[in-house]
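For reference, the structure discussed in these notes is given below.
The values are calculated or read from the model by the stated rules, or taken from the named source; none is laboratory data. Just so we're clear, the structure is a prediction, and the values are computed from it rather than from any experiment. All Cβ positions, glycine included, derive from the backbone under ideal geometry; neighbour counts span all protein chains shown. The accessibility values were calculated without ligands, DNA or RNA, using every heavy atom of the protein model including side chains. Shrake-Rupley method; radii C 1.70, N 1.55, O 1.52, S 1.80 Å.
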Amino acid sequence: MGIRFILLVNKQGQTRLAQYYEYLTLEERRALEGEIVRKCLTRTEHQCSFVEHRNYKVIYRRYASLFFLVGVDNDECELDIMFHLEKAHFMLEEMVMNGCIVETSKSNILSPIQLMDKAS
């Protein structure tokens, strides 16, 4: 499994959306969110957007007043994102526009990327 959780957090550190793809108790979730949010929000914009925490790699990005945090297995995803950063941004732009989720269909999100791959 790759993605373990996705968090959307405002600049004050309040979790606005949390989705977990592995079982954690409510206390474990609160502790994990608090630790990760503090760690990510205190970093400067000049630092990289990858943080190791416990057995996760956390990839985060700020858009307007929200931080998007994605927790993945410690051994996955970083190279894919580093070598295909433009694709990661494109997928996110296909999913979220002006702070609203506009697309959730995997096939609809990936079809423009597949067309770009075929053209190149």
(message) Looking at the stretch 61-73 only, could you name the residues that are more than 15 Å from Q12 (Cα to Cα) and modelled with pLDDT of 90 or more?
(response) V70, G71
(request) Please specify each residue of the stretch 1-46 satisfying the condition of being under 22 Å from A88 (Cβ atoms), without any contact (Cβ under 8 Å) to a residue 40 or more places away in the chain and open to solvent by 80 Å² or more (accessible area, probe 1.4 Å). (result) L17, Q19, Y21, E45, H46
(message) Restricting to the stretch 24-65, name every residue that is under 27 Å from C100 (Cβ atoms) and among the polar types (S, T, N, Q).
(response) S49, S65
(message) Filter the stretch 47-60 down to the residues that are within 18 Å of G2 (Cα to Cα) and open to solvent by 70 Å² or more (accessible area, probe 1.4 Å) and list them by number.
(response) E52, R54, N55
